[in-house]
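Novice: One structure, as structure tokens, below. Some questions next.
Each reported figure results from applying straightforward, stated rules to the coordinates on display, with no laboratory input. Quick caveat: nothing in here was measured; it's all calculated off a predicted structure. A quick note on method: Cβ atoms are made from the backbone with ideal geometry, for glycine too, and the neighbour counts reach across all protein chains shown.
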Amino acid sequence: AATEAEVALAVANVVLWGTVGMLAYPPLVRAIFGTEDEEKASKRCGIVLGLGIHDTAQVMGAALAYKQAYGDETAMNTAVVTKMCRNAMLAGALPFLVLTTKGAAMSGRGGISISKAVPPFVWAFLSLSALRSASDAMGGPGGLLTWLGGTVAPNFLGISMAGLGLSTSMKVVRSANPTSLLLGGIGAAL
């Protein structure tokens, strides 16, 4: 298991470099793809925003900033779909990883059940995805889903960023080797 210092450092890397990406990527991807055919540029910008930033809330922040700065809803929607596809892949990858690591360790004690192998946030993500998909299949999002997605969700971006930052011990981060943050930045840039 990871130590408190390792977890704090991982969170610090995600928060720091994700925040840098949230602020820097929108104008950067616009500069790189903005001279192309508008539809291709929008989709490419969205894909880069959705793939290039780790944290979901920070992807949403970058996509919203891009939309507000350049009036490009296609790029925003593409970034959101790209990130949600990445998240959906985790729904399969996490149980596999848990079963292959913890399951092997517990094989002598009756193994591990799928309900214990899948973290609760994955079940929540899958449930909300199914709800949204069912809503779309019935003719589009209803009033509640539209209100939650369009009005409430953007207001929670600041709260989620504050939560990430506040959960990080600055004492632990300050005591960390600066090389770890540097390597995190290099990884984020790639």
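Novice: Which FRET efficiency, nearest 0.05, do residue 183 and residue 123 yield, Cβ-Cβ r, R0 35 Å?
Specialist: On the way: r = 33 Å, r/R0 = 0.94.
Here the calculated transfer efficiency is 0.60.
Novice: Continuing with this model, one more query. I'd like the Karplus ³J(HN,Hα) series for the range 52-62: coefficients 6.51, -1.76, 1.60, θ = phi - 60°, whole numbers in Hz, and an x wherever there's a Gly or Pro.
Specialist: Values per residue, Gly and Pro as x: x, 10, 6, 7, 4, 5, 6, 4, 5, x, 5 Hz.
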